[in-house]
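The values are calculated or read from the model by the stated rules, or taken from the named source; none is laboratory data. The model shown is predicted, which means the values in this text are computed figures rather than measured ones. Neighbour counts run over all protein chains shown; Cβ positions are idealised from the backbone, glycine included.
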Amino acid sequence: MSTVAGLVLAAGGGRRYGMPKALVEYDGSLLVERAVRTARAACDPVLVVLGARAVDVWRSADLTGATVLANRDWETGMASSLRTGLDGLRGWPGWVDAALVTLVDMPGMTPEALRAVAAHASPGALAVATYDGVRGHPVLLGRDHWAGVAATAAGDEGARRYLAAHDVTEVDCTGLADPVDLDVPPAGSGDGVASGP
């Protein structure tokens, strides 16, 4: 059985949102807490990459069961967070076959969607969730691809360029999770704090 690590990217400053999304409250908990809980239900180990206001996030969020990594270059975009996470996994004490990458600003992500994509894990695997035929998250990166992903990731693109140049297994997760990300606060939420449905 393959060992799949959950990699939660939560370092962004949330320019369009008006605050770091890791600190946004949604349905009674912070988005970063929600993302870590969801990842822990499907993966072991779980690493979370923090950046903007990292100390505030670390102090106020319940990140029990996750290893926290700090991305000092978070302002350069998501690619630096992905590299930080993959570097952390390379140095992990136990062998990890694949990383399952998810984003902090997707409160509708579920353990079921993570497990569906994680089921394809192997060191040579590349897999991505699709929703009604559109690629989204989570994204599975087998260990054999980590160096290539890290080398080609740039700005806010993450693994997109690498995935476009390789064969990728698409995993239909339609109905398993809500792939919508929170780019801006919902109307009427006030103070940059989102509330759940």
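Considering each of G18, G65 in turn, give the residue that is at positive phi and touching a strand residue (DSSP E or B) at 6+ places or on another chain (Cβ under 9 Å).
Going through G18, G65 in turn, just one is at positive phi and touching a strand residue (DSSP E or B) at 6+ places or on another chain (Cβ under 9 Å): G65.
Which residues, counting only those in the stretch 123-135, are in contact with an Asp or Glu (Cβ under 9 Å, 6 or more places away or on another chain) and at negative phi?
Listed by number, the residues that qualify are P123, G124, A125, L126, A127, V128, A129, T130, Y131, R135.
Restricting to the stretch 82-135, what's the tally of residues that are of a type in the set (A, V, I, L, M, F, W, C), farther than 13 Å from T169 by Cα and touching a helix residue (DSSP H, G or I) at 6+ places or on another chain (Cβ under 8 Å)?
So the count comes out to 13.
Here are some residues: R40, R15. Which one is of a type in the set (D, E, K, R) and either farther than 17 Å from D105 by Cα or touching a residue at least 12 places away in the same chain (Cβ under 8 Å) (or both)?
One residue alone meets the criteria, R40.
Output the residue which, of all residues in the stretch 156-166 that are modelled with pLDDT of 95 or more and in contact with a Ser or Thr (Cβ under 9 Å, 6 or more places away or on another chain), is surrounded by the fewest Cβ atoms within 10 Å (Cβ to Cβ).
This residue is A165.
With (1) surrounded by 18 or more Cβ atoms within 10 Å (Cβ to Cβ); (2) in a loop (DSSP other than H, G, I, E, B) as the list, and G13 as the residue in question, which single condition is left unmet?
(1)
Residue-wise test of (1) farther than 18 Å from D183 by Cβ; (2) assigned to a loop (DSSP other than H, G, I, E, B); (3) over 14 Å from the mean Cα position of the chain (by Cα); (4) at pLDDT 95 or above.
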| residue | (1), (2), (3), (4) |
| --- | --- |
| V101 | yes, no, no, yes |
| E112 | yes, no, yes, yes |
| H120 | yes, yes, yes, yes |
| A154 | yes, yes, yes, no |
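Picking from D105, D73, which residue would you name as being among the acidic types (D, E), under 26 Å from G13 (Cβ atoms) and surrounded by fewer than 21 Cβ atoms within 10 Å (Cβ to Cβ)?
Of D105, D73, the one residue that is among the acidic types (D, E), under 26 Å from G13 (Cβ atoms) and surrounded by fewer than 21 Cβ atoms within 10 Å (Cβ to Cβ) is D73.
Only one residue in G85, G94 is surrounded by fewer than 23 Cβ atoms within 10 Å (Cβ to Cβ) and under 26 Å from G124 (Cα atoms), so which one is that?
Going through G85, G94 in turn, the sole match is G94.
Determine which single condition E33 fails, assuming it passes every other condition in (1) in contact (Cβ under 8 Å) with a residue 24 or more places away in the chain; (2) assigned to a loop (DSSP other than H, G, I, E, B); (3) farther than 30 Å from P123 by Cβ; (4) of a type outside the set (F, W, Y).
(2)
Condition check ((1) part of a loop (DSSP other than H, G, I, E, B); (2) at pLDDT below 95; (3) farther than 22 Å from P179 by Cα) across all residues:
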site: V55; (1), (2), (3): no, yes, yes
site: A116; (1), (2), (3): no, no, no
site: L140; (1), (2), (3): no, no, no
site: H145; (1), (2), (3): no, no, yes
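Only residues that are of a type in the set (D, E) and touching a helix residue (DSSP H, G or I) at 6+ places or on another chain (Cβ under 8 Å): list them for the stretch 46-81, please.
D56, D62, D73
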